[in-house]
Amino acid sequence: MRKRNWSQYNAQLVERGSITFLIDPKLLKQAPKLNKRGRPRLFSHPLITILLMIKIHYHLTYRSLEGFVKSSLPLIEKNIELPTYSLICKRASQLKNDLPKLSSRRPQIILLDASGIKVYGEGEWKCKSHRRRWLKVHIALDAKTQEVIALETTESHVSDCIIAPKLIDKCPKSMKKTIADGGYDTKKCLSLIKERGAKPLYSTQEKRHNQ
């Protein structure tokens, strides 16, 4: 039996509770961009983004986030002004308009697929005694960059081939080939892909060809 170094083991357990922030102080002091109209913003987008990253990582509510950062970030940068929880929530909804696209390339190979998502939240106790609720996410991806091009959410019983036309319509004109599984191997999906000037490729066709 291997002997355990208890002093080292206890130190490791204590270390698990430590929190280390590696944040560039320049980001915390970065001046916000001036708006042409209205009252100028007091807090920059990078600062709001950092606060939201902390919120997501530690599963905090907006009120808990305000208390958490006001007790920790001043240790990194003294005399720093931090926004209230209501302002963070308001600015979070505005950040989506400022986020750049992942890439500017025109995708040529599109992947079509779907996956189930288990729903948690209010009323979960009903699911335990009856049936759990699932949602289905239908996605079109760029095969090279893995960038999401189109997305649709439905109930779990909706077939892939029913939502496929919506995904195909949202795909760019540069599409040359689509790769999907047998759930999309229908005449309607095949004709829509060919109308876009692309070549359909299904996994079931590959299996039949290899056999």
Condition test on Lys126, is it modelled with pLDDT under 60, of a type in the set (D, E, K, R) and not assigned by TED's automatic domain parsing to the domain that holds Pro165? no
Residue pairs meeting the criteria (Cβ under 7 Å; at least 6 apart or on separate chains; first aromatic (Phe, Trp, Tyr), in segment 167-193; second not in a strand (DSSP E or B)): Tyr184/Asp160; Tyr184/Cys161; Tyr184/Ala164
Does segment 28-45 contain any residue that is modelled with pLDDT of 75 or more and in a helix (DSSP H, G or I)? yes
What pairs can you find where one residue is in segment 70-89 and without any contact (Cβ under 8 Å) to a residue 12 or more places away in the chain, the other is not in a helix (DSSP H, G or I), and their Cβ atoms are less than 9 Å apart, with a gap of 6+ or different chains? Pro74/Ile80; Pro74/Leu82; Leu75/Phe21
Please indicate, with yes or no, whether at least one residue in segment 53-62 is surrounded by 12 or more Cβ atoms within 10 Å (Cβ to Cβ), in contact with a Leu (Cβ under 6 Å, 6 or more places away or on another chain) and at pLDDT 75 or above. yes
Identify all residues within segment 194-211 that are surrounded by 14 or more Cβ atoms within 10 Å (Cβ to Cβ) and either assigned to a loop (DSSP other than H, G, I, E, B) or modelled with pLDDT of 90 or more (or both); write none if there are none. Arg196, Ala198
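The values are calculated or read from the model by the stated rules, or taken from the named source; none is laboratory data. What you see is a predicted model, and the numbers here were worked out from it, not measured in a lab. Glycine also receives a Cβ, built like all others from the backbone with ideal geometry; neighbour counts cover every protein chain displayed.
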